[in-house]
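This report concerns only the one structure given below.
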Amino acid sequence: MNHFTVNTTKGVFWWNIRIVLLAKKTLLTRSTMITGLHCFLQLNAGSGGEGGEIADALKELETWKGKVEEATCVKADLALEATKQEEAKTKAKKDMNAALEQQNTYREECTKATFAIEGDILRLQKENKHLIDRLSGRKDALDLKRTRVDQLTEQLKFSAKIPDIKLKFSEVLKEEEDSEMGEHISGYHTITERPTTVLTGGQALITFEEKKVASQILRMAKCPVPVEKDTLDVIPKSLTLGSSVKFGIQLDVSKKALKFSGVRSAMSQEAIRGHLESSFSRPSRGGGEVERVEYDPDTGTGKVTFLNTGVAERLALIGMYSVDLDAHVTIKVEPVLQYHLEGFQAFCGAPERTVLLDKIRDVEDEEDMADILEIFFQKQTNSGGEIESIKYISRGKELLALFDVI
């Protein structure tokens with residue numbers, strides 16, 4: 001309930017407003033109070049001399065009313081701003097929590113990735129160690145094989161005797177008259193491996209001019225060879241040679257075809273073949289008219305066949321040729337060879353005129369000891385005879401002896 005009281009005694013105007021708010025029944029806002037007061041002052045504006053004062057009061061009341069409304073707007077704006085700030089704070093908190101969760105997720109993923117990378121590194125290190133061990137084993141095996149190859153190379157040294165052949169040239173054939181056989185240079189070679197034996201320290205090889213002398217010496221259990229005040233009991237032994245072979249090789253060298261290698265390019269196979277044909281066709285580089293070009297892109301090798309003879313022979317002697325691919329490239333060229341084996345024969349045996357002398361002590365140097373042995377075995381009283389050759393090796397040495405095949 002609102003109570004309004006106004007006293008107007010002796011020209012003095014005063015007013016008092018008392019507002020009693022009943023909290024349980026009604027709630028008056030500040031605006032309601034001002035509106036009520038404004039109505040009251042308007043009703044009493046025309047009462048006597050107090051009218052001017054009431055008018056001023058009304059003006060002041062309007063001013064305060066505007067300020068109250070302005071303050072209300074400011075309060076509403078502040079409340080709205082506070083609400084927005086609260087919403088922004090809540091959103092920023094949510095974003096921060098999401099960022100923290102994402103950071104934790106990234107940290108976990110980074111940890112997992114680190115563990116995975118460390119595992120891969122350990123695995124690669126183990127594989128690398130395993131490969132290094134395998135490579136070391138392969139190197140050792142390769143060294144053994146190379147040693148074996150060297151040994152076999154020493155054992156399979158060939159001595160080829162090519163007989164002299166007198167040739168008589170009757171006429172010169174023109175290229176268009178060349179037959180199929182005229183496109184190749186043919187040759188036949190006989191290869192004979194010489195039998196060998198290894199002579200160790202304290203042994204000697206002695207070859208007599210007659211077989212019967214060697215047979216007589218071999219029938220003796222030992223040969224007492226006098227050396228100054230001592231006597232050497234030399235043991236004669238028959239000699240068994242290693243196996244040897246003999247074979248022939250038919251070799252044909254093409255006069256038109258030429259092999260090449262070292263061709264690498266990013267171009268297509270057809271483009272490479274075209275560039276090769278064009279390069280081999282240039283007379284300024286020593287080439288000639290090309291019949292066909294064969295090329296293998298996997299190995300970078302191939303074969304070029306010229307229409308005329310002579311070009312391949314000339315280039316094969318040079319060994320290199322310049323071709324135009326992606327750039328100017330020098331490739332290796334070599335002749336085309338065709339060969340096959342004929343008349344292969346393997347044989348072994350013992351020399352009939354050679355005797356191995358064993359158990360010889362080093363009482364003299366090699367030359368003096370060889371002279372002593374030669375003098376002893378030349379005497380017929382010692383069952384000896386004429387000597388063709390003799391070779392003695394002192395202890396601690398080895399010698400590979402080669403024999404001719406008759």
Just wondering, is there one or more residues in the range 276-298 that are loosely packed, with under 14 Cβ neighbours inside 10 Å, within 31 Å of the chain's Cα centre (by Cα) and among the polar types (S, T, N, Q)?
no
From the list 63, 114, 72, 8, which one is surrounded by 10 or more Cβ atoms within 10 Å (Cβ to Cβ) and either of a type in the set (Phe, Trp, Tyr) or at pLDDT below 85 (or both)?
8
Go through the residues of the range 345-364 one by one and say whether even a single one is within 30 Å of residue 253 (Cα to Cα) and outside any helix (DSSP H, G or I).
yes
Considering only the range 243-253, I want to know if a residue exists there that is open to solvent by less than 30 Å² (accessible area, probe 1.4 Å), within 39 Å of the chain's Cα centre (by Cα) and either under 30 Å from residue 219 (Cβ atoms) or in contact (Cβ under 8 Å) with a residue 12 or more places away in the chain (or both).
no
Any idea which of (1) closer than 15 Å to residue 286 by Cα; (2) open to solvent by 80 Å² or more (accessible area, probe 1.4 Å); (3) in a loop (DSSP other than H, G, I, E, B) is the one residue 317 doesn't satisfy?
(3)
Taking residue 336 as the residue in question, decide whether it is open to solvent by less than 40 Å² (accessible area, probe 1.4 Å) and in contact (Cβ under 8 Å) with a residue 60 or more places away in the chain.
yes
Among the residues of the range 345-362, which ones are at pLDDT 80 or above and of a type outside the set (S, T, N, Q)?
351, 352, 353, 355, 356, 357, 358, 359, 360, 361, 362
Which one of these is closer than 30 Å to residue 210 by Cβ and not polar (S, T, N, Q): 324, 365, 296?
365
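The values are calculated or read from the model by the stated rules, or taken from the named source; none is laboratory data. Since the structure is predicted, the reported quantities are computational estimates derived from the model, not experimental observations. In this analysis, Cβ positions are derived from the backbone assuming ideal geometry, glycine residues included, and neighbour counts consider all displayed protein chains. Keep in mind that these areas ignore ligands, DNA and RNA; they rest on the heavy atoms of the full protein, side chains included. Shrake-Rupley method; radii C 1.70, N 1.55, O 1.52, S 1.80 Å.
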